[in-house]
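The structure under discussion appears below in the form of structure tokens.
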Amino acid sequence: MSHNGRFRIFIVDDTDTNIDVLMELLGEEYDVSVALDGESFLEDVTHTNPDLILLDIMMPGIDGYAVCEQLKRSPETRDIPVIFITAKQETDDETRGFAVGAVDYITKPFSPPVVLMRVNTHLQLVHARKQLATQNQILEQKVQERTLQLQEKNDELERTRLQIIRRLGRAAEFKDNETGLHVIRMSHYARLLAQAAGMGQEEAELLLQAAPMHDIGKIGIPDRILLKPMQLNEEEWTIMRRHPEIGGGIIGWHDTPLLQNARTVAMTHHEKWDGTGYPNRLRGEEIPRVGRIVAIADVFDALTSNRPYKQAWSVERTVELLKTEAGKHFDPVLIPVFINLMESILEIRDKWAETPESEENLDVR
């Protein structure tokens, strides 16, 4: 972020017309730098220190893929999110782009609302991640400097950190048909099931905080697939099944247990007990316990909630499906535990029912 408090965006495109369009869209709100080729951009990027990079793929000299690979190899630039701007719309192109480290695509010709939405979403993620890192540093300093004041400060930081995690979870839902209350309900279901299955209170609380980020990878799924009102074809499902790995990439590798847990949940909540899930076809207890727990909580809430494309299932019908899928989709030991908790589960569902008032409040404590 620049000294005037504005986000910095670096646009790399060899076409003046494209740069002019993006400058007109973004120049008033953000500090924008431009480059016409990959070589000059790589020379300038470390001095500019942008918050977000919009990178063309087809350029003279080194192309956007090679530029992105170099960015991700450097400690100074590897954490800067890259959005590819391209006319390429083939699945292989998108796959290669995510493989080299991009977080999103914007296709040409540009749609101004889409450009603004994508840029704003990823800049808000940048802001939230920086806030979280800063708060962890503050926490460490307080432990060393003022032990007697630690509890008060820790409580404040914990509340803020939880809110940031909730908001990161919401970022994915802005592109989906779910609401912020979904992540609250399923997080509470997950904590309840974790405790009943023998997980300690501290570990279960950590799962409550991490679970809202299970679908953060949907940010990287194209809108034409995520918002499609009809059944997805096999090619579209291939792309949709990539969101756990995208989510793992967005969260990254961290020393903090919360973000370690969040990454595990994002990566494994679509694995299935019988090994037919994705992305890694893990089987049985190869799937981390937090992933098995979140899978049950997520599916139960999704099925028992109204969506624009479906009516809510009854609790009875949903419970029958859970029983049928025990040992196939779900951990057969956890399903009876979850069903035995149904009275408490329904209390949580009623507390966080879909109302305008409750949707405004994401503090789940």
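The values are calculated or read from the model by the stated rules, or taken from the named source; none is laboratory data. These figures come from a predicted structure and were not determined experimentally. Cβ atoms come from the backbone with ideal geometry, glycine included; neighbour counts cover every protein chain shown.
In the range 321-329, the count of residues that are closer than 15 Å to Leu303 by Cα, of a type in the set (Ser, Thr, Tyr) and surrounded by fewer than 18 Cβ atoms within 10 Å (Cβ to Cβ) is one or more. The number of residues in the range 58-85 being surrounded by 17 or more Cβ atoms within 10 Å (Cβ to Cβ) and farther than 19 Å from Gly249 by Cβ comes to 2.
Within the range 286-302, can you find the residues that are part of a helix (DSSP H, G or I) and surrounded by fewer than 18 Cβ atoms within 10 Å (Cβ to Cβ)? Give the steps one after another, and end with the answer.
First, the residues of the range 286-302 that are part of a helix (DSSP H, G or I): 286, 289-302.
Correct list: Glu286, Ala302.
Is one or more of the residues making up the range 168-181 within 23 Å of the chain's Cα centre (by Cα) and either among the basic types (Lys, Arg) or modelled with pLDDT of 85 or more (or both)?
Quick first cut of the range 168-181, residues within 23 Å of the chain's Cα centre (by Cα) only: 168-181.
Adding the requirement that they be either among the basic types (Lys, Arg) or modelled with pLDDT of 85 or more (or both) leaves 170, 175.
Taking every residue of the range 168-181 in turn, at least one turns out to be within 23 Å of the chain's Cα centre (by Cα) and either among the basic types (Lys, Arg) or modelled with pLDDT of 85 or more (or both).
Quick one: would you say Trp313 is more than 21 Å from the chain's Cα centre (by Cα), more than 22 Å from Ala211 (Cα to Cα) and either surrounded by 15 or more Cβ atoms within 10 Å (Cβ to Cβ) or of a type in the set (Lys, Arg) (or both)? Explain how you work it out, then say what you get.
Numbers: more than 21 Å from the chain's Cα centre (by Cα): yes; more than 22 Å from Ala211 (Cα to Cα): yes; either surrounded by 15 or more Cβ atoms within 10 Å (Cβ to Cβ) or of a type in the set (Lys, Arg) (or both): yes.
Answer is yes for this residue.
If you check Arg283, Arg307, which single one turns out to be surrounded by 14 or more Cβ atoms within 10 Å (Cβ to Cβ), out of contact with any Cys (no Cβ under 7 Å at 6 or more places or on another chain) and touching a residue at least 60 places away in the same chain (Cβ under 8 Å)? Spell out how you get there, then give the answer.
On the way: Arg283 fails: touching a residue at least 60 places away in the same chain (Cβ under 8 Å).
After ruling out the rest, the residue left standing is Arg307.
If you scan the range 218-258, which residues turn out to be more than 15 Å from the chain's Cα centre (by Cα) and β-branched (Val, Ile, Thr)? Within the range 218-258, Ile225, Thr238, Ile239, Thr256 meet the criteria.
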